[in-house]
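Every number in this text was worked out from the coordinates using simple rules, so none of it is lab data. In this text, all values refer to a predicted model and were calculated from it rather than measured experimentally. Every residue, glycine among them, receives a Cβ derived from its backbone with ideal geometry; neighbour counts consider all protein chains shown.
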Amino acid sequence: MRVFFATDIHGSETCWRKFLNCAPHYKADVVILGGDMTGKALVPVVHDGGDRWHGTLQEQRRDLAGEGEVSAFEQDVMRRGYYPFRTTPDELSELERDEQRLDGLFHELMLGTVERWMAMADERLAAKGIKAFVCPGNDDQFEVDEILDAARGVELAEGRVVEINGFQMASSGWANITPWHTYREEPEDMLYERMMRAISGISVAPEQVILNLHCPPFGSGIDEAPGVNEDLTPKHGGHAPEPVGSTAVRRVIEEVEPALSLHGHIHEARGHTRIGKTLSINPGSSYEQGELLGALIELDGSKVKNFILTSG
């Protein structure tokens, strides 16, 4: 069995389209998308009158003329994982004064994008009989789960044990506490209990188990990120990585001893390691560049036969 795994695409339209195409491209039997599939911010495209518009992306203002340039800018915004919306200076000023309305607009565009993505998956995956699993992550709002659960092209994996060609996979997109107070995070003891509930339905031997846990195990080398101070500024100019993974995830891996554990969450910690008998992989993320980082894994009977980290 050949599995393709990617994670942390954070709303990137380009990465999602690539994910939909990765099964035939890599000749994978199963595709899995780990946590954090939704974007983080809105980008206004402001009408300046006539055919003139402007928008700001990554702190760079772009002056736009005509529908062609506006559409190209919006595509660039979507490729990088943000949500563009057209507005006027007056409308934008009103939105910026009304945080509730602004949050409502973000919520509407984010969920609308997930619904559109699921329609694409229904067309491209379900129609071809490709088995696909998606698990939300700590940055994904809870309303996402209902949309994923209703899709035909993907199967919601969160908190469940699913069958994959003789293997069983248990998933959780929750993380330990972060400095950013995201939607799905909790203290290590509660996280451990949550993951143990998720794996309670496993009925096969450990060597036929896959754990899809968004947060990487603590001190594994695939959990290192620049440390931050209390005010969220980087320590030592961002040049001093430190382990920020989960002790609960590591404990679960050590106790269950699965054949394979799949992780994400820490974008810059691309790599793999061994924890006892378990191969643990974090393919990393480069979503803002529209590059889909992944892992292609071959499973043979009750072992990982081969794997490679991919990019494209």
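From the list [x] 19.1; [y] 14.4; [z] 16.6, can you say which value of mean projected area of the Cα convex hull in nm² was derived from the structure given?
It is the one labelled [z].
Just order 211-220, 87-96, 265-274, 128-137 by mean Cβ neighbour count inside 10 Å, highest at the front, would you?
211-220, 128-137, 265-274, 87-96
Where nothing but the Cβ of Lys and Arg (+1) and of Asp and Glu (-1) is charged, how large is the charge dipole of the chain around its Cα centre, in debye to the nearest 20?
1460 debye
Taking the dipole about the Cα centre of the chain, with the C-beta of Lys and Arg at +1 and of Asp and Glu at -1, give me whichever of Phe85, Val204, Ala132 is farthest to the positive side.
It is Val204, whose Cα lies furthest towards the positive end.
How tilted is helix 188-199 with respect to the longest principal axis of the chain? Cα atoms for both, answer in degrees (0 to 90, nearest 10).
70 degrees
Dividing the Cα convex hull volume of region 76-215 by residue count, how many Å³ per residue is that?
Output value, Cα hull per residue: 143 Å³.
Could you tell me the calculated FRET efficiency between Asn229 and Arg86, based on Cβ-Cβ distance and R0 = 30 angstrom, to the nearest 0.05?
With a Förster radius of 30 Å, E is 0.20.
Give me the number: length gained by fully extending Gln289 to Glu123, i.e. 0.36 nm times residue separation minus the C-alpha to C-alpha distance, one decimal in nm.
Taking 0.36 nm per residue and subtracting the Cα distance, the gain is 57.2 nm.
Spin-label point model (7 Å from Cα, Cβ direction): what's the Glu268 to Asp29 distance in nm?
Once both label points are built, they end up 3.8 nm from each other.
Helix-only mean residue ellipticity at 222 nm, the chain, DSSP H runs n ≥ 4 weighted -39,500 (n - 2.57), per residue, nearest 500. What is it?
The helix contribution divided over the chain gives -9500 deg cm²/dmol.
Return the sequence-ordered ³J(HN,Hα) values of region 244-255 in whole Hz as given by the Karplus equation 6.51 cos²θ - 1.76 cosθ + 1.60 applied to θ = phi - 60°, using x for Gly and Pro.
10, x, 9, 5, 5, 4, 4, 4, 5, 4, 5, 7
Counting DSSP beta bridges in the chain, what percent are antiparallel, to the nearest 5?
Just about 55 percent of them are antiparallel.
Could you tell me the calculated FRET efficiency between Asp48 and Asp149, based on Cβ-Cβ distance and R0 = 35 angstrom, to the nearest 0.05?
Working from the Cβ atoms, E equals 0.25.
For region 14-81, which GluC sites (Glu not before Pro) are in a loop by DSSP, counting at most 14 other Cβ atoms within 10 Å?
Taking region 14-81 and a limit of 14 other Cβ atoms within 10 Å, the loop GluC sites (Glu not before Pro) found are Glu59.
Over region 10-86, what number does the Rg to Rh ratio reach, with both radii from the alpha-carbon atoms and Rh per Kirkwood?
Value, to two decimals: 1.13.
So the label point goes 7 Å from the Cα of His107 along Cα→C-beta, right? Which residues of region 12-38 then have their backbone N under 18 Å from it?
38
Do you know the relative contact order of region 174-285, to the nearest whole percent, from alpha carbon pairs under 8 angstrom that are 6+ apart?
Relative contact order here is 27 percent.
Size of the dipole of region 112-247 about the Cα centre, Lys and Arg at +1 and Asp and Glu at -1 on the beta carbon, nothing else charged, in debye to 20?
Roughly 540 debye for region 112-247.
Along the positive direction of the dipole of the chain (beta-carbon charges: Lys, Arg +1; Asp, Glu -1; about the Cα centre), which of Val46, Phe307, Gly245 reaches farthest?
Most positive-ward Cα: Phe307.
Once phi is turned into θ = phi - 60°, what whole-Hz ³J(HN,Hα) does the Karplus curve with 6.51, -1.76 and 1.60 give for every residue of region 202-219, x standing for Gly and Pro?
Computed from phi, the couplings for region 202-219 are 5, 10, 10, 5, x, 6, 10, 10, 10, 9, 10, 10, 4, 7, x, x, 5, x Hz.
Select from Leu20, Gln58, Ala151 the residue farthest towards the positive end of the dipole of the chain; place +1 on Cβ of Lys and Arg, -1 on Cβ of Asp and Glu, and compute about the Cα centre.
So the residue we want is Leu20.
Which number do you get for Rg(Cα) / (2.2 N^0.38 Å) in region 243-312?
Against the empirical 2.2 N^0.38 Å value, I get 1.16 for region 243-312.
Can you give me the long-range amide H partners of Ala41? Hydrogens built in the peptide plane at 1.01 Å from N, cutoff under 5 Å, separation of 5 or more residues or another chain.
Sorted by chain and number, the residues that satisfy this are Tyr83.
Taking H placed 1.01 Å from N in the peptide plane, check which residues at least 5 places from Asn138 or on another chain put their amide H under 5 Å from its amide H.
Answer set, sorted by chain and number: Asp36.
So what are the ³J(HN,Hα) numbers for region 86-101, from phi and the Karplus equation (6.51, -1.76, 1.60; θ = phi - 60°), rounded to whole Hz, Gly and Pro as x?
My calculation for region 86-101 gives 8, 7, 10, x, 5, 4, 5, 4, 5, 4, 5, 8, 10, 4, 5, 5 Hz in order.
Let me know the whole percent of all Cα-Cα pairs from region 90-155 that are separated by more than 13 Å.
68 percent
Take Lys305 and Asn165, extend 7 Å from each Cα along the Cα→Cβ direction, and tell me the distance between the two endpoints in nm.
For the pair Lys305/Asn165, the computed spacing is 0.9 nm.
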